[in-house]
Amino acid sequence: MSPLDDFLPEYEFSERHALAIDAPAARIDAAVRAVSIADIPLARALWWIRRLGRPYGDTTKPFVGGELPGVVLEDVPEQGLVLGLTGQFWRLLGAPDDSRRPSTAEEFLAYERADVCKAVVDFRIGERALSTETRVHVADPGARRKFRRYWLVVRPFSGLIRILLLRAARERAEAHA
């Protein structure tokens, strides 16, 4: 798989989580792609709060490559998946309509809007391990300050959701041992 630097070489914010899983890569891959928000009740509650009580949608749909918004930048079976996201994540009701929002990897790489966050999230499958890293770049200093305030509040909960997602994947992968 390509390093995240290929997709987002400049970033101001990042977070990484990893855990060991007693299963081969194929089972880890299948497990991480099968986990839904229904498998993580605390994550479902946190997303409900973030969405101001608006319905989440299909809670049984896989989270990675399904419900997690964004464009697939790279997908290598048994190695992992990289997603790209854009938006003004600090806005409670979502970003203003942006018809230029990327829908392909090429569009994501070329996307340049200074007041909008550009983020990558990966799920990497290693030798009996699974990790995730999130990176966020905000070019405009004013928008970066807004995102920084948002990140200070959201980061612990966002990190917890990713940790719980990794644990749910581990539980699935090891259950089929």
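The values are calculated or read from the model by the stated rules, or taken from the named source; none is laboratory data. Computed from a predicted structure; not experimentally measured. Cβ: placed from backbone, ideal geometry, glycine included. Neighbour counts: every protein chain shown. Only protein heavy atoms, including side chains, enter the accessible area calculation; ligands, DNA and RNA are left aside. Shrake-Rupley method; radii C 1.70, N 1.55, O 1.52, S 1.80 Å.
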Positions within the range 15-43 being farther than 15 Å from Ser131 by Cβ, touching a residue at least 60 places away in the same chain (Cβ under 8 Å) and either open to solvent by 30 Å² or more (accessible area, probe 1.4 Å) or among the basic types (Lys, Arg) (or both), in sequence order: Asp22, Pro24, Arg27, Ala30, Ala34, Asp39, Leu42
Residue within the range 129-140 that is assigned to a helix (DSSP H, G or I) and on the phi < 0 side of the Ramachandran plot present: no
Residues within the range 132-157 that are surrounded by fewer than 17 Cβ atoms within 10 Å (Cβ to Cβ), within 18 Å of Gly84 (Cβ to Cβ) and touching a residue at least 40 places away in the same chain (Cβ under 8 Å), tallied: 0
The listed residue being farther than 19 Å from Phe63 by Cβ and at pLDDT 90 or above, out of Leu130, Leu109, Leu166: Leu109
Count of residues meeting criterion [surrounded by 21 or more Cβ atoms within 10 Å (Cβ to Cβ) and not in a loop (DSSP other than H, G, I, E, B)] in the range 95-123: 8
Among the residues listed as Asp29, Asp22, Asp39, Asp58, the single one being modelled with pLDDT under 70 and farther than 27 Å from Arg149 by Cα: Asp58
